[in-house]
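Undergrad: Mind looking over this structure? Questions follow.
The values are calculated or read from the model by the stated rules, or taken from the named source; none is laboratory data. If you're wondering where the values come from, they're calculated on a predicted model, not measured in any experiment. Methodologically, a virtual Cβ is constructed for each residue, glycine included, from the backbone with ideal geometry; neighbour enumeration extends over all protein chains shown.
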Amino acid sequence: MSGPLVVLVGPMGVGKSTVGRLLAGRLGTGYRDTDDDIVAAEGRSISDIFVDEGEPYFRALEKEAVARALADFDGVLSLGGGAILDADTRRLLAGHRVVYLSMDVEEAVRRTGLNVARPLLAVNPRRQWRELMEARRHLYEEVATAQVATDGRSPEEVTEAVLEQW
Ligand code: S3P
């Protein structure tokens, strides 16, 4: 199947963008992130879209952005952490090489801290992380053709681990 060489999924803050860029460099291909596509098209930040329009509006944009990128991009593609919530998106991912970058809750809290720029974590990061992971883990696993644990690993080490899954 044509489309991205690899699609990275996983929770926010797991390192999809950093690892995605490193991977694209190693593979000699381009890098794209559906969050960036949405920000460019809307001319405002993800947080502003959430606050101004609400999450369902953002999810509709995200669904379109993912479908477009899967159809017309052939490099390393990162999806926003919640893209896999959509059943049609999960179906579209079937047949693609999809790598789930995972981390445990404590690593997630350490990495993202109290970063209020991430709208889903503004109130109680640890509890919200636990709930997010519980709700989404099986969805990441459902779409993934490989899983790479990132806990305690540098972006370079994660990139190597992804390439070993090829
Ligand atoms: C979200 C993850 C974010 C962004 C939005 C919602 C989520 O993307 O799409 O804030 O629902 O997990 P990153 O995973 O790139 O941070």
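Undergrad: All but one of (1) surrounded by 15 or more Cβ atoms within 10 Å (Cβ to Cβ); (2) modelled with pLDDT under 95 hold for E106, so report the exception by its number.
TA: In the conditions (1) surrounded by 15 or more Cβ atoms within 10 Å (Cβ to Cβ); (2) modelled with pLDDT under 95, E106 misses (1) alone.
Undergrad: A further question follows. What's the total number of residues in region 42-72 that are among the small types (G, A, S), exposed (fewer than 14 other Cβ atoms within 10 Å of the Cβ) and either closer than 20 Å to G3 by Cβ or in contact with a His (Cβ under 7 Å, 6 or more places away or on another chain) (or both)?
TA: 1
Undergrad: Does W166 qualify as being more than 19 Å from G3 (Cβ to Cβ), at pLDDT below 95 and not acidic (D, E)? It would help to see each step written out before you state the result.
TA: On the way: more than 19 Å from G3 (Cβ to Cβ): no; at pLDDT below 95: yes; not acidic (D, E): yes.
So W166 fails the test.
Undergrad: Continuing with this model, one more query. Give region 1-29 a look and list any residue that's modelled with pLDDT under 95 and away from the ligand (no atom under 13 Å from the Cβ), or say none.
TA: Within region 1-29, M1, S2, G3 meet the criteria.
Undergrad: Among the candidates D86, D33, single out the residue that is near the ligand (Cβ under 9 Å from one of its atoms) and buried (at least 16 other Cβ atoms within 10 Å of the Cβ).
TA: On the way: D86 fails: near the ligand (Cβ under 9 Å from one of its atoms).
Exactly one residue qualifies, and that residue is D33.
Undergrad: Can you tell me which residues in region 29-72 are aromatic (F, W, Y) and without any contact (Cβ under 8 Å) to a residue 12 or more places away in the chain?
TA: Residues of region 29-72 aromatic (F, W, Y): 31, 50, 57-58.
Scanning region 29-72 gives a single hit, Y57.
Undergrad: Which condition does W129 not pass, out of (1) under 11 Å from P11 (Cα atoms); (2) within 12 Å of the ligand (Cβ to nearest atom); (3) at pLDDT 95 or above, if it passes all the others?
TA: It fails just one condition, (3).
Undergrad: From the list R68, R44, R32, which residue is more than 15 Å from the chain's Cα centre (by Cα), at pLDDT 95 or above, not in a helix (DSSP H, G or I) and not aromatic (F, W, Y)?
TA: Details: R68 fails: not in a helix (DSSP H, G or I); R32 fails: more than 15 Å from the chain's Cα centre (by Cα).
Just a single option satisfies the conditions, and that option is R44.
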